[in-house]
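These notes are about the structure you will find just below.
The values are calculated or read from the model by the stated rules, or taken from the named source; none is laboratory data. On a predicted model such as this, the values are computed, not experimentally measured, just so you know. Positions of Cβ are backbone-derived with ideal geometry, glycine not excepted, and every protein chain shown enters the neighbour counts. With ligands, DNA and RNA removed, areas are computed over all heavy atoms of the protein, side chains included. Shrake-Rupley method; radii C 1.70, N 1.55, O 1.52, S 1.80 Å.
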Amino acid sequence: MNALNPKEISEKAIGLIADRWMLVTAGTRKRFNTMTANWGGMGYLWNKPVVFVFVRPNRYTFGFMEENETFTLSFLGEEYREALKICGTLSGRDTDKVARAGLTPEFTEQGNVTFTQADMVLECRKLYADMIRPERFLDPSPDTKWYSDGTYHKMYIAEITGAWRRE
C-alpha cells in the first residue's frame, strides 16, 4: 500500500461511507473483531484530519473499540460486497466471520488490523467518545426511526494517524 495524506483523499466522503461501506476493526494481532458500517464521516476538527463512526454497545466490536485506543477503517471494492454483508450480519462472538467472508488480515506498523482486500485504509486514534442520548435530539424523527429498541450508538471521533491506498 502507498501512504496517503488524509487531505488528499479524493473520494467524496459521504458516498465513500454510505455507498461503499467500510469495515471498522479494533483489537490486536491475537484478538480483534470487525464490523461493516455505513454511518460516519470524515472532516477536519481540532486542527486534525478526523473520522467519526458509530457503534452500538450490543455489537461484539464495541468491546474492542472500548479496550483499544486505535482502530482502522478499511474500504473494499464492489467485488467484496458479499464479504461486507457477512461482516455486517454475522457476529464475531459466534463465528469466524473474517474467514467466512474470505478476508485476509494484514497488520499496520502500529499493529492495527486491516485486510489485504482493502483498497484504502485509515488508521485512527480515538480523541472523543460519547453515547447518543435521546434527550439531545433536536429533531425526534431519527430517534423514533432508528432507536425504537432503546439501544443507542456510541460516537467515536478519531484522528486519522495513517492513510494508505492500494494502487
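Placing a label point 7 Å from the Cα of residue 93 along the Cα-to-Cβ direction, the residues of the range 45-69 whose backbone N falls under 18 Å of that point are 55-67. Carbon-plus-sulfur accessible fraction, the range 96-152 (probe radius 1.4 Å, protein heavy atoms only): 49%. Largest to smallest in accessible area, the residues 128, 152 fall in the order 128, 152 (1.4 Å probe, all protein chains included). Counting protein heavy atoms only, the range 20-79 has 51 percent of its accessible area on carbon and sulfur, 1.4 angstrom probe. A simple spin-label model places pseudo-atoms 7 Å from Cα toward Cβ; at residue 147 and residue 66 they are separated by 1.8 nm.
For the listed residue pairs 30/145; 48/145; 7/30; 85/145; 48/97, the alpha carbons are over 29 angstrom apart in 30/145; 48/145; 7/30; 48/97. Taking every protein chain into account, the accessible area of the range 1-149 amounts to 55 square angstrom per residue (probe 1.4 Å).
Here the range 69-86 is scanned for amide nitrogen atoms under 18 Å from the site 7 Å beyond the Cα of residue 129 along Cα-to-Cβ, giving 69-74.
Please report how far the C-alpha centroid of the range 73-130 lies from that of the range 149-163, rounded to the nearest whole angstrom. With the range 73-130 and the range 149-163 each reduced to a Cα centre, they are spaced 15 Å. Sequence gap at least 6, Cα distance under 8 Å: using those rules, report the relative contact order of the chain to the nearest whole percent. With pairs under 8 Å counted, the relative contact order is 30 percent. The listed residues 97, 154, once ranked by accessible area (1.4 Å probe) with the largest placed first, stand as 154, 97.
Computed from these coordinates, which is semi-axes √(5λ) of the Cα gyration tensor in Å: (1) 24, 20, 15; (2) 24, 21, 19; (3) 20, 19, 16? Answer by label: (1).
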